[in-house]
Each structure stands twice: as C-alpha cells, then as structure tokens.
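Below: the structure, in structure tokens.
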Amino acid sequence: MGDMSNSDFYAKNQINEGNHEAGFGCSVMELRSLMEMRGPEAVVKLQDDYTGTEGLCKRLKTSPTEGLAGDQTDLDKRKEIYGKNVIPPKKPKTFLQLVWEALQDVTLIILEIAALISLGLSFYHPPGDSSGEFCGAGAAGVEDEGEADAGWIEGAAILLSVVCVVLVTAFNDWSKEKQFRGLQNRIEQEQKFQVVRGSQVIQLPVSDIVVGDIAQIKYGDLLPADGVLIQGNDLKIDESSLTGESDHVKKNADKDPMLLSGTHVMEGSGRMVVTAVGVNSQTGIIMTLLGAGPEEEEKKQKKGGAVEDGHQNTGKMQDGNMESNQIKVKKQDGAAAMEMQPLKSAEGGESEEKEKKKHTGSKKEKSVLQGKLTKLAVQIGKAGLLMSAVTVIILVLYFAIDNFVLQKLPWLPECTPIYVQFFVKFFIIGVTVLVVAVPEGLPLAVTISLAYSVKKMMKDNNLVRHLDACETMGNATTICSDKTGTLTTNRMTVVQCYIGDVHYKEVPDPAALPTKSMDILINSISLNSAYTTKILPPDKEGGLPKQVGNKTECGLLGFLLDLKRDYQPIRNQIPEEKLYKVYTFNSVRKSMSTVIKLPDGSFRMYSKGASEIVLKKCSYILSEVGEVRVFRPRDKDEMVKKVIEPMACDGLRTICVAYRDFSSDPEPDWEDENSILNDLTAICVVGIEDPVRPEVPDAILKCQQAGITVRMVTGDNINTARAIAIKCGIIHPGEDFICIDGKEFNRRIRNEKGEVEQERIDKVWPKLRVLARSSPTDKHTLVKGIIDSTLGEQRQVVAVTGDGTNDGPALKKADVGFAMGIAGTDVAKEASDIILTDDNFSSIVKAVMWGRNVYDSISKFLQFQLTVNVVAVIVAFTGACITQDSPLKAVQMLWVNLIMDTFASLALATEPPTESLLKRKPYGRNKPLISSTMTKNILGHGVFQLIIIFTLLFAGEKIFDIDSGRNAPLHSPPSEHYTIIFNTFVMMQLFNEINARKIHGERNVFDGIFRNPIFCTIVFGTFAAQIVIVQFGGKPFSCQPLNLEKWMWCIFLGLGELVWGQVIASVPNSKLRFLRRAGQLTRKDDLPEEDTNEDNDEIDHAERELRRGQILWFRGLNRIQTQIRVVNAFRSSLYEGLEKPDSRSSIHNFMTHPEFRIEDSTPNLPLIDDTDDDSARRRGKYSSQPSSPNKNNNAIDSGINLTIDTSRSAASSGPASPLHSLETSL
C-alpha cells in the first residue's frame, strides 16, 4: 500500500483532520499511518511516537486491562471522530432504475414500437372520401366514423399492458433486492465479538466496536477491526486475505504487534487495542479502493463500458496486493488458502463483482437446477421465435396474394397507410406469439421459490448464505457430520475419573482423594484453560449452569465445582498476563499446555489433552497417596485396556491431565516443543460425557429413509465415536460397515509414495460410517474423494457440517457446507453456505425438505407454464394461418402470459413442504427436469384445451347461436364469439393451475390447498380480474360483455380440466412408450454439468453474437437474460466474495468423470472464436483456476481434455456443438 495514495485518497473522508482538541491524543491519520507499518518497524514507530502500547492506550483514553468505561457519550464521540465499524454498502438500485432495466427487454421494445406505429396510423385519415372503396378488403370496416376513431385503442392498450408488465417486473426485483438486504443485515447481526468494557468481558455486535476498545481475540476469530496486540499467547494469524501469503504469521507484542481486520486467528489467543475501524481499517481501505463507497461508485459508472471494466479487472487481478477479499487470486491454494471475505464487507465490493459477473459468465453461481432451466428456456425460446416468424410470413403472404393476385387490386398510394396498418397488425400478432412462447416466468419462479424458502428456513434455524445451496441440499446423497455439538448436546460433564490408581465410576467424594493430587489437579485445571471459559449460574431457576467458552474445559471446571472447589480464586491469584508461556490447543498438538513461574523461580507446566496422546508422553504418574512414581510402557498398556477403553466404550471422551516441573537454571528452550512436552507426570484421566441430542436418532432415520447416508467424522477416539454412532442410529450392529480412525484411513487410501488415490478411496467410502481421530485434512480428503468418485450412476452430492477453523477447507469443498451458528468460529461460518443457528442436526433434515420442495415447486410451475405456452402458441399460429387473425388478441395474450405466469409462479412456488418429500430418493443430477408424468400431463391437457378452443373457434357461433367473429375487418368491434374463446381459455388455465399442484400423478389435487393461503388468494384474484376484464374491458381487451348463461358455459368447460386431469392420471406411464423418449430427449439437454457452464456462455455471448447478426433467436431470449441478470445481480449483492472457488460447476470435477465424457462431447466453451480473445482469456483464467493439484488429482488429464474440446468448438460447429444445433433449428 503506498502511504501517499491512501492518504490523498482519504483526505476527503476525514472529519476534522489532526484533531487533538477532541481530547484524544491521536488523529485518524496518525493511527492510519501507524497501521500501515509491519513487523519490527511498527514496533520502532510505536516506541518513538507513543512510547509503546501503554502510551497508545493512554492517548486513546483506554485501559489495557479494564477497557473503556462504556458510557454512551464517550462511545458516540469516538464514533464521530474515528468512524463507525461498518463499511457503507453500495446504494441499492432505485425503483426507477429497476423500471428502466425492465424496459430494456427486446420483446417489450418490439411491442412498444409496433404499438406506436399502430397508434400513429390509426390517427391518419387518407385524403378524399371515396378512397375506401378501392382499398379492397382493407377498408371494409372503416366507413363508420365512430369505429375509425376507436382504432387507437388497441395500440394504447398494448402500451398500457407493457407498462403493467414493466411495473410488475420492477416491483418483483425491488422486493427481492429488499429481502436480500434484510438477509444480509441478519447475517451481519449474527457476528459478535468479545470486548472488555468496564473490566467486564461482553459480547458486542461487530458494528458497535469503537477505536480504543480492548478486544479479546482467540482461535478461530475473524478480526473485525485493526488493532495493536497488547498481550498474546502463541498467536498465529492467517493474513492471506490481505497479503496473499498463505503461511501463518506469528504475532507478539514485542516483534510484530499489528493485527489487521479481515484476517483469521489460526492459533492462540490474546488482547488487542482497536486502532482503526470501518473504512479506515486495512480491509476498509481496500474496499473503498474497489469502489464500495458511494462517491467512487459514480466515478466508475461514468467511466463505464464493458471493455474498460474488463481491463480494470484483469489489471487488478495481477496486482498481488489487491488480492483483497473480493478477488481471490489465490484460488490455487486449495485447502491452505481460506480467503474469505469478512461478513461486514459482504456488500462492499459489490460493484466490482457485479461488473465481473456481467462480463465473465459467473461459473460458480449456477446450480444444477438453474443449468437445467436455462437450457430449457433457450430451447423454448428458439421454438417460439420460429413459430412467430412463420406466423408473420404466412399472414403477410396470404394478405398480399389474396388482395393483389386474386382480386387483382392495384396498390394505390392513398391506400398505403391502410395496408401498412394491416402489416403492423400482423407484426403485432407475430410478436405476441413470441411473447407467449418465451417463458419469462421461469427465472422468476426460481427466484421467488428460493427467496420464499430462504425466508421460511430462517424459522427452521437455517440461515442460508448462498441461494443455490438451498436447492442443492434437496439432491444431497451424503451428510458428513461432526459429532460434538451437532449430534450431541455439547454440554460436557465429567462422569468417571481415574485418580491415584482408582477408577471411579462417578464423581468421587473429595475426602477420598489424596490432598497432594487434589491440589495439583485443581491448579492444573484452573490455570491451563482459556480464562474466557467460565461456568455461570443458570439463567432460569432450577436450570443447568450456563457453560461459556470451550465446552470441554467447561466440563473440567464443572468437575472442580463437583469436587466442592472453586477455580476463580486461583485465577485471580495468577491473572492471564502472568502466565509465562501458553501452548494453545490445535489440531496437530491435540493438547494444551500452560507454563507458570513458581515463587522460587522454577517453572511448572500443566498439560491436558486427548488421553492416548498425553499418556504417551507421560513417564511418571501420581500414586494413591499423591507421590510421583515411574509409569512404565506396560503400565500404559494396562491403563489403556482397563481404564480408557471401557470409558470410551460407554461413549465417553477421555482427557488426561498432567504436569511437569522445570528448573530455572538453565531456562529450557520453550520453542523446542518436542523436548518440552515430554517426561510428564500424569495426574488423572477423566471421562467426559456429551449426551446425544434427543431428536437426533429420529432425524437420522428420516435421512436414511430419504436415501441419504449419514457419516460421522470426529476428532474423538474410535471407541467413543462408535458408541455414539450406535446411539444415534448411524450404524446398526450386524450391518456391513466400517469404522476406522484417521491413521488407518490414510493407510488405506494412500499408495507407497503417500499420494491419495481415487481407486483406493472408492474401496473405502461406500461402507465407511465413522471416521475417528481425523485431522481436518482427512475430512477434506474424504469429502473430495466422495465428490470425485465415479462409482454408481450418480455423482454424489455431499453436505458437510463443521464448526472449527480447521473445517474451512472441507466446508468449501463440499456441495453444501453447514456451519454451527453457536459453536462455530467465524472462519467456519465464512466458508459455509448455510449456518445452523441452533447447531442441531435435525435442522439439516429441514434443509433437505426445503431443498426438495424448491425443486418440486419449479416442476409444478413448469408443468403449468408449458401447457399455457404450447396451447397459446398453437392457437395463435393456426388461428392466424386459417382466419388471418389470431383468436387471442395481443392484449389478451399479454394478460394471459405475463399476469397469469407471474402470479402462477408466485402461487405454485410457495407451496409449503410436506413430510412426504422425505419418502423418496434424491433426484440426482441427471434426472430430466420434465419427468414422464409431467410430459404426459402437459401433452394431455394441451390436447384437451386445443380441442375445446378449436371447436369454439370453428363451430362456436352455431353452438351459442351468435355472430361469427372470424374474418372481421380492421377495427371492427369485439365479437362475443372471440370473447367466449378468450374467457374459456383463461378458465381452463385457472383450473389447470390447481391440477399443476401435483406432479407425481397423485389423484387428490386439492390435498393441503388451504395450507397455502397465497395460492387461494391468487386463484380467486385472477378469477375476479377476469370477470372485470370480460365485462368492462371493452375495446382495449377486445371483449364483449357476456351474459350469465355464457359465463356458466365458460366455467363449465374450465371445470372439465379437473375431470380430464383424473382421466390423464388413470393412464399408466408404461402404456405411453413415446413419453419415455420425450423424457430422454430433455435428458440429453439438461444433463451434464458441462452444459450448465455452457449455456451460461451462450447467454453471456448473446449480445456479442447479436452485434454480428449471426444468431437471430437471441432476441427472444433477451427477456430471460434480463431476468437472469437480475437474479445474478441481487445474488451478487449478497454473496459477494462468499462463493466457493471450486463450486459445483467446476468444469474439472466433471471433466474427469468418464461417464460425463462419454455421454456428452459438447465443447465446454462454445461460441468463443478467436476474435473474442480477451473474453476467452479471461474466461480461461477463471475456468482453469480450480485445477490446482490439491483440488483435483487428475488435473492434467482434465487440462488436456479442455484444450481438445475448446479447439474443436472454435474450429468447427461439429454435430455436437451448439452452433450446429442453431443452424439446424433455424
């Protein structure tokens, strides 16, 4: 960071520069220049300018031990001078901006232009009175003056309906954006931090931290602000999110005391004084450079322009420093690099990310479902475009041939406007066919469904951070769960212990224990634990005491209280500053040790940790009288057999407490851990019980019925783990499964060179149910192994739960990562997709239910939408060809299409989930979106509706004894005949909406209909609106009011849908062979992940291709594109830097799967040809990143594949390429 640039940059944000008059001894700028120092130079500057940290605290008017007094006026003054700890989010789009975006839609623009031409022509009166007679068929209806005046109505009505559509779309987008802002705030409020105020440690929301606060930092924290370390124990920080260095940086008060916001504490603990918050912190500065601040934003928009932005991005990416939280250059680091963005700034880099999303098809965001949907929408769009073009051509030719060839009329100049009016009318009909054909309700339905689910999942204790995680969860086939806190209650209590050669099956009477052992034990437990761990009196009378901090330590402290002793006096005697050295717990040591200096100058070290690990290092043990005696290897074996294994088999966690004395002279080398942590004297072994949560066995049973395998991955010892797994029902005695520990697991999956081999993992994972004593890397290896496995016809979809910092890599790798909201560290939450606010396994089952519900809701909507589309397009097309006029007028079509689709997507996407969703197996990735039952329903209902409408069209006038509406001249008044057709059509859709509620061929379509008030409201609302339109719509809607009898007929025909639905349900799928093929067809298109990447590119390249005029049909798709862009945009505002670099759609994961390679040779990067070099390069950059060796062992193989594929796509449009399919379809 150049000091200079920052300072200039910031001058404008500073309030009263250099203000010492405010009563504080340093200005914002002074503190900022201090925070830009690193390492030794920072120590020197602290000494020179502030006389060390003490002096800094004095100038900031705070006490290093007691913190701020916490009185409100002082806090407000600090916020005013030094700023608040928030990075201001980018302004949300205003409603008008959203309206403008909705207007960009190509189909709507075409309609507007057509309507305006139609309006203009209707006001044009040809000169001369008699001209009408010569213009043939064209002029038949024009004589009546009143009628001619009404010619403008159709144009105006179309414009009006366009306005409606735009407003509805904009309103939807606006409410979505609002909802996600709300969610964002909710996530931010979740994040709290420990601060000392008035010598009390309190939990504060991160945004309330001010400069001068004393913050307590511990393992797993994400630092919320910049600060200077006052006192630290073995503190190591991962600064990769700011510097890009993946090595952990050691921090201590005399060598490198600078702590920066957005970095992660990987080990140790300590206290820091906060020196910079919000936009003045290092992360804040970078955010502002990236344009999170409002002023920057405007500049950027002025600069605007895709090209510039592209270069800007790439430039930034190469500049290592800017590796800030948004732009994760270090994706290569796989497990090691966990650059996640601090929640605070999640919206910060939005602008940048949004721009990037526009230009670089965001590879990560696309979920399975969205991939399938885009594919489908693209295909429907193509078909619609074709139909509408054919319609217009047929109408124009027919008119021309009829008038000028058969009737041999001359083309008279004064008739031109009338002819043009006809052509405009034909054009409008064509456009309406297109509007109806493009299913713009689809993206909307997905969004609404996901947004609704996310909102409701909050109530089920699931805080969803990535939208698509919700839907992926419905396809989950495996859940790898932690044991502690997820399957168990995380209330640790000591129930057995082994002291002085006696194994007590319950907590012993203090009098029975040797006093010497007792004193050492009490000191050891009180001092050798985090001072933040406490046991507080219960909140409610008669409740259990409240455990704060590390739960295992709480269990040990509770043990002291059971022994009628208290830990607080001992801690008061030796406060935290006086601890000589602390080796904090980490996943490698699996133990924690604290060294204190005794009054005589010698040292004593207390240790505690996993029993088998600590006992290995013990050479002595305290006897029954509290004397030290030698502890031989064979005593160890006996102890393991007689004490530790029996405890573990009862499902207890065994912890060994030990100590060691050192002489003061010479002082031991504290850095040489191996020699220090040796020759210990064992004091006791305790068995800690962590009872299984009562609701877990049920939840696991539900998972197993739903076809989901639950695996337990824990750091505990194998016997404990097995005992708990049996209690939970993960394993049932007598089944064929394996429980192994980390060592054995690694032995089985690694070859002689120690490399992990997929074939070996494939031999282990299918039967693996419990993995004990596992390290974080084991967890990551297992998750990766299951995901990359090619056993079985489906790729496994894996969900993982985690709470510790070390679970980050596994959470990121998994398809869905669940972090614990209560026990979880910030790092784990950062890496996760869903946060379980109650840490409970049964909430995961709820997530599965909601995920499956999303999928079903979309299918319901699809079934409904496709029926409407098929029928409307065919009716408009055939009607136009046979009668020169579409039976459903433009405005009516718009009403049916936009209003009914939008509302229907709301109605069908908000069905609440039912338990029956958990009775079926997961769908899997390659199941076609449209099942054979759905195809049967769509075709069945389509046929029924077409028969009725065509009967009414060609024989309606005879049945109802009314005037025929066919072949009406231009501007003739609306006929009753066509009104009946329109009304019947809408009624059939309404009743079919009820049919669409069930997609698995159930009989009772009304089942649970009243549990969904939205659905009922919408159905009745649409019905009421239809009555108003028919009775009072008049000319604009081309409707003639109908009498009661005709209304009854329309409703009766609509009700026929329900009866017909039962008929269709009775036809068994097996009878309909051809449907199976229909399902198969969609299968090829919806299938592999590669396609999901590919259509992203298609849509991205849409505009580029449009400019070249090569691909016509993109126009029809433009509407979907807009909607998808909105979906992405509002996503990006929420999930800024939170996506996983190697998310589900990583090409490589899929390319290395033989079955995908065989089934689909479609090139991965379609439509890129050499002219698009820049974008190709950028996309290449993105797509190839996840191929680092630790993400994919077959990276080389996949790389080769990729190049072959790309070259093929660029070189030719071979039969498999999308270009080829376009050519054929056009």
If packing is taken as the average number of other Cβ atoms within 10 Å across a peptide's residues, how do 945-953, 851-859 rank, most packed first? 851-859, 945-953
Between Glu627 and residues 5 or more places away or on another chain, the pairs with built amide H atoms under 5 Å apart involve none
Simple label model, 7 Å out from Cα along Cβ direction - Glu638 to Cys1016, nm: 7.6 nm
Over 23 Å between Cα atoms, which of Lys45/Lys251; Lys546/Lys813; Lys763/Lys829; Lys455/Lys727; Lys921/Lys998; Lys459/Lys534 qualify? Lys546/Lys813; Lys763/Lys829; Lys455/Lys727; Lys459/Lys534
Just read off the accessible area of Glu735 with the full protein assembly in place, 1.4 Å probe, to the nearest 10 Å². 100 Å²
Taking only Cα atoms of segment 846-891, the Rg to Rh ratio with Kirkwood Rh works out at 1.35
Skipping prolines and chain starts, which residues have an amide H placed within reach, meaning under 5 Å, of the one on Asn233, given they are 5 or more residues away or on another chain? Ser269, Gly270
Can you tell me the alpha carbon radius of gyration of segment 611-685 divided by the globular rule-of-thumb value 2.2 N^0.38 Å? 1.22
What are the ³J(HN,Hα) values, in whole Hz, obtained from phi via the Karplus relation 6.51 cos²θ - 1.76 cosθ + 1.60 with θ = phi - 60°, for each residue of segment 189-204 in sequence order, with x given for Gly and Pro? 5, 4, 7, 10, 9, 8, 10, 8, 10, x, 6, 10, 7, 10, 9, 10
Under a 5 Å amide H to amide H cut-off, with H placed in plane at 1.01 Å, what residues pair with Ser774 once short-range neighbours are removed? Thr714, Gly715, Asp716, Gly742
Please list 3J(HN,Hα) in residue order for segment 84-89, calculated via the Karplus relation 6.51 cos²θ - 1.76 cosθ + 1.60 where θ = phi - 60°; whole Hz, with x for glycine and proline. 8, 8, 9, 9, x, x
Among Val783, Ala819, Asn751, the residue whose Cα sits farthest towards the positive end of the charge dipole of segment 750-845, when +1 is placed on the Cβ of each Lys and Arg and -1 on the Cβ of each Asp and Glu, is Asn751
Applying 1/(1 + (r/R0)^6) with R0 = 30 Å to the Cβ-Cβ distance of Arg629 and Arg571, what FRET efficiency is obtained, to the nearest 0.05? 0.50
Put Asp173, Asp741 in order of accessible area, largest first, 1.4 Å probe: what do you get? Asp741, Asp173
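Sorted by accessible area with a 1.4 angstrom probe, largest first, how do Asp566, Asp256, Asp833 fall? Walk me through the numbers on the way to the answer.
Working: Asp566 75, Asp256 25, Asp833 0 Å².
These residues rank, largest area first, as Asp566, Asp256, Asp833.
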In whole Hz, the Karplus estimates of ³J(HN,Hα) for segment 930-939 (6.51, -1.76, 1.60; θ = phi - 60°; x where Gly or Pro) are 9, 6, 5, 4, 5, 4, 4, 5, 4, 5
Would you mind getting the Kirkwood hydrodynamic radius of segment 928-1034 from its Cα pairs, rounded to one decimal in Å? 16.2 Å
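The values are calculated or read from the model by the stated rules, or taken from the named source; none is laboratory data. Everything quoted here is computed from the prediction, not taken from an experiment. For neighbour counting, all protein chains shown are included, and Cβ atoms are generated from backbone atoms with ideal geometry for every residue, glycine included. What goes into the accessible areas is simple: the full protein's heavy atoms, side chains included, and nothing from ligands, DNA or RNA. Shrake-Rupley method; radii C 1.70, N 1.55, O 1.52, S 1.80 Å.
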